[in-house]
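Here the structure comes first, spelled out in structure tokens, and everything after it is commentary.
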Amino acid sequence: MRKDTGQVFRIEDYRPSDYLIPQTGLTFALAPEETIVTAQLEIERREGVAPGTPLRLEGDELALLGVAVDGEPLDASAYEATSQLLSIPRPPRSSRFTLTLVTKVDPSRNSSLMGLFRSNGVYCTQCEPEGFRRITYFVDRPDMLSVYTVRVEAGEDEAPILLSNGNLVETGKLERGRHFAVWHDPFPKPSYLFALVAGDLAVLHDEFITASGRKVALGIHVEHGKKERASYAMDALKRSMKWDEDIFGLEYDLDVFNIVAVSDFNMGAMENKGLNVFNDKYVLADEATATDADFANIEAIIAHEYFHNWTGNRITCRDWFQLCLKEGLTVFRDHEFSADQRSRAVKRIAEVRTLRAHQFPEDQGPLAHPVRPRRYREINNFYTATVYEKGSEVVRMIRTILGPDDFRKGMNLYITRHDGDAATIEDFVKAFEDASGKDLSQFALWYHQAGTPNLSVSTAHDAERGEFRIEIEQSVPPTPSESRKRLMHIPLAFGLVGPDGNDMQPAAVDGATVEDGVIHLKKRRHVVRFQGVKERPSLSLNRGFSAPITLSVEQKPEDLLFLARKDSDLVARWQASTTLFTQALIQGFRAVRGQKQAVFDDALVEAIGEIAADASLEPAYRALALTLPAEADIAREIGSHIDPDAIFIAREALSQAIAQRNAGVFATLYEGLDGGAAFSPDAESAGRRALRNVLLDYLAVGEGAPDLAVRQFETATNMTDRAAALTVLAHKFSGHEKSVAALASFENQYGDDPLVMDKWYQTQATVPGAGAVDLVRSLTRHRGFSLSNPNRVRALIGTFSTMNQTGFHRADGAGYRFFAETVLEIEKRNPQVAARLATALRSWRSLEPTRQAAARDALLSIAAPENLSSDLRDIIERTLA
Ligand code: 0A1
Ligand code: ZN
């Protein structure tokens, strides 16, 4: 593994490379333990660089078998090679020469899943961000664009399928039962987009005719016996291809597009040119094995990787500091795609929930960094919610500021201006400035300044003068190495909701630019005045979640209740009920901490029943409005001295109060939603299931409580309903014979299907209470579990550490100790996965003192070994700093 060297990479140190590699030829002689890679690099000295300038190529754990220049083997004294670096101090003085390198790698022993590895016998590569250097020495940086020709050789039995990027140009037989395929990708690309797959796989074939009439052969490659489970992914792919043509005018550019699903993968998927490699979790789905959430994720991730073909591949990043250039933009594009395929409001609420759950704590803790960072020690650790999700929010704000037409013009300009480039965020922003004539210089701070801005808002109504005033003050909290912040341009969408529930349309007199329902905040403090407002409106703020900020508003509970019922903007309406829940839960938490009973406002508890039964609202929305904030959400709002046990008690109490008050309504609704119809994964049907399963959770209290869940578990005709019932049984009736029986029956039925078993691990990893540590520890010894498979690790250890507040944060520190030991075990196999896992402790400083001390001890124990990987060292040191 790559050990920490302490080296820090800084954006200001960027220099163009001395040499270019316009052509790269690769030959892979694949063998499980000894794969020989021959690289033929056409090297070109950049204009202005002195002849004979030393050439340095990066490597990582490589064994070099030979080096030749222009076909002549180089004497060992003419180069220096370590496993990390190949340097040729005196290369030819000519402006072009050919460098041939022969390296040997062992895919079977590569458990880091970076470079060339084997997953269930399938050869597979992962090169982003710095995996290509684990295959051959290379100038391994994203601005090194090269045209690749790749020859793959393997045993015909072992690997009947041989794939790489681009178009297939030749195939043939070799001696001793081997065969080969040659692939050529005409589009110059960075090394991180290189891919190779070889193995015995089944293929689902289809085709797509592009807008200009070109035929593209589509293939999804999966394990034998799983082809049927790839049809939803294929459908999502074709819809994505069509959508990108319709919405952005972007057409696919090769003759083939292949997707491969593998079962060992560090992330969700990878956008390699013409050969996307996927974690099989995000390809395989049918009603019997996948939940509605799985279907939605597959649709989004298939789209995401496909959309990268333009935003990422045709236009790539100059350096890794620009990661958000491709990721933020592509997430924005996949969000818009899903919004168009599903319910826009429901999708947007889901995005807000994800951002708050993952990005806000990152931005508010020790790992905070700007969307475009300025320094890093380990780039693997910058595939973060900030780069991805906040990066997408920044693009969304550009659209809000420009309006849809100028935004589209800006996108067109960006694409035409930079096609074939390795670009920067400055290039991106400039395209929108040039297309719209607007100055985005203050806005660009969203890329450069970390931290979640806060808006503190107060209002005043003067009925006599018919004036309504909104006073808004912005602040950006300090973050690591950024103590002073500059003022941001924040587009804040709002509405003034009149007593009849309709939006008022008063004119703003002064105070700020107000355009199309958006206040453009640019100064520290704005006072916006509206006239002609006779009756006091309820203020609906950050509609559509127009900016990724937090709000501090003094709002009357009756205003919030009114907005929760009436706001025409569904995101703000959902926010109103969520705010009410959060306030109630914080009060409940305080009561519990003070040894008192948590009591809740009747009006709120009643309103929830009304919302549940409001047939004018789509079921998916109602499911969201009925869902209480998660324990971690409540903790974030409380901010410090977190006691997860008290939060849990308060949340249970509110849940029971709602359930008791609305038992009749909920039961009737639950029975009425029993579709019975044939399964469809569409958003409408999924919404009905979501509502029904939220209701099931509420209904599992009181006398005979497990029976409904048992009935649903036993009669479910799809995985969404079955898994939901199992979760209710396992969480609410842990240890009860009916719960034990359901878990055993699930294991019995799906024991041989690892992706389904992940749901079983997840369900048990989130059983509340002190017993979870021992349960999770025992599950690490389950026959289906392996610390080497990232999906298993995330399902059990990842879920336990991020979703089980009472189990993980056990007051005696047992959860943290188990976690620390496990992270170090995983690090030996896969440092990247271990480092990501370790971020679960990033909010340790907001815990109450006893837990805080225990969490710190655990962090120190992870930091103790001398030879830590750069991945884990980087996370731990920043977390402890
Ligand atoms: N570019 C991919 C994410 C990704 C990053 C690193 C990986 O290596 C382990 C794999 C995938 C995406 O945005 O989908
Ligand atoms: Zn991406």
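The values are calculated or read from the model by the stated rules, or taken from the named source; none is laboratory data. Computed from a predicted model, the values in this text were never measured in an experiment. Cβ: placed from backbone, ideal geometry, glycine included. Neighbour counts: every protein chain shown.
Before moving on, here are some points about what is shown:
- Which listed residue is part of a loop (DSSP other than H, G, I, E, B) and away from ligand 1 (no atom under 16 Å from the Cβ), from Ala154, Ala159: Ala159
- Cβ separations smaller than 7 Å between residues 6+ apart or across chains give the following pairs from the stretch 303-320 residues that are over 27 Å from Glu12 (Cα atoms) to residues that are among the charged types (D, E, K, R) and more than 9 Å from ligand 2 (Cβ to nearest atom): Phe307/Asp244; Phe307/Arg333.
- Annotation: Leu440 fulfils all but one of (1) assigned to a loop (DSSP other than H, G, I, E, B); (2) more than 29 Å from the chain's Cα centre (by Cα); the unmet one is (2).
- Test: residue in the stretch 395-412 that is within 16 Å of ligand 1 (Cβ to nearest atom) and under 21 Å from the mean Cα position of the chain (by Cα): yes
- Residue in the stretch 566-583 that is buried (at least 17 other Cβ atoms within 10 Å of the Cβ) and of a type in the set (Asp, Glu) present: yes
- Tally of residues being within 18 Å of Trp574 (Cβ to Cβ) and either within 16 Å of ligand 2 (Cβ to nearest atom) or over 18 Å from the mean Cα position of the chain (by Cα) (or both) across the stretch 315-345: 6
- Single residue of the stretch 491-502 satisfying the filter (buried (at least 18 other Cβ atoms within 10 Å of the Cβ) and in contact (Cβ under 8 Å) with a residue 60 or more places away in the chain) that is farthest from Arg536 (Cα to Cα): Pro491
- The stretch 860-881 residues that are assigned by TED's automatic domain parsing to the domain that holds Gln7, paired with ones that are at pLDDT below 95 (beta carbon under 6 Å, 6 or more apart): none
- Search result, residues across the stretch 56-75 that are out of contact with any Lys or Arg (no Cβ under 9 Å at 6 or more places or on another chain) and within 26 Å of Met1 (Cα to Cα): Arg56, Gly66, Val67
- Any hit, the stretch 272-294, residues being within 22 Å of Arg417 (Cα to Cα), outside any strand (DSSP E or B), modelled with pLDDT of 95 or more and within 15 Å of ligand 1 (Cβ to nearest atom): yes
- Verdict on Ala303 being under 14 Å from the mean Cα position of the chain (by Cα), farther than 23 Å from Ser112 by Cα and within 11 Å of ligand 2 (Cβ to nearest atom): yes
- Odd one out for Leu796 among (1) in contact (Cβ under 8 Å) with a residue 24 or more places away in the chain; (2) outside the structural domain of Gln832 (by TED's automatic domain parsing): (2)
- All told, Ser458 falls short of being surrounded by fewer than 18 Cβ atoms within 10 Å (Cβ to Cβ), assigned by TED's automatic domain parsing to the domain that holds Lys390, under 23 Å from Val514 (Cα atoms) and out of contact with any helix residue (DSSP H, G or I) (no Cβ under 6 Å at 6 or more places or on another chain).
- Selected residue (only one of Pro186, Pro142 is surrounded by fewer than 17 Cβ atoms within 10 Å (Cβ to Cβ), out of contact with any His (no Cβ under 6 Å at 6 or more places or on another chain) and not hydroxyl-bearing (Ser, Thr, Tyr)): Pro186
- Number of residues in the stretch 94-129 that are part of a loop (DSSP other than H, G, I, E, B), charged (D, E, K, R) and more than 16 Å from ligand 2 (Cβ to nearest atom): the value is 1.
- Taking every residue in the stretch 549-575 that is without any contact (Cβ under 8 Å) to a residue 60 or more places away in the chain and pairing it with any residue that is buried (at least 17 other Cβ atoms within 10 Å of the Cβ) and polar (S, T, N, Q), at least 6 positions away or on another chain, the pairs with Cβ-Cβ distances below 7 Å are Asp559/Ser538; Leu560/Thr579.
- Selection within the stretch 642-684 - aliphatic (A, V, I, L, M) and over 17 Å from Leu604 (Cα atoms): Ile642, Ala646, Ile647, Ile649, Ala667, Leu669, Leu673, Ala677, Ala678, Ala683
- Subset of the stretch 521-548 (residues that are assigned to a strand (DSSP E or B) and buried (at least 17 other Cβ atoms within 10 Å of the Cβ)): Leu521, His526, Val528, Arg529, Phe530, Ser538, Leu539, Ser540, Leu541
- Qualifying residue in the stretch 104-112 (condition: over 36 Å from the mean Cα position of the chain (by Cα), at pLDDT 95 or above and among the hydrophobic types (A, V, I, L, M, F, W, C)): no
- Unique residue being within 16 Å of Leu872 (Cα to Cα) and of a type in the set (A, V, I, L, M) when the list is Ala835, Ala795, Ala854, Ala814: Ala835
- Residues that are buried (at least 22 other Cβ atoms within 10 Å of the Cβ) and over 22 Å from Ser846 (Cα atoms) within the stretch 352-380 comprise Val371, Arg372, Pro373, Glu378, Asn380, listed in sequence order.
- Within the stretch 302-328, being within 17 Å of Leu413 (Cα to Cα), away from ligand 1 (no atom under 11 Å from the Cβ) and part of a helix (DSSP H, G or I) holds for one residue alone: Leu325.
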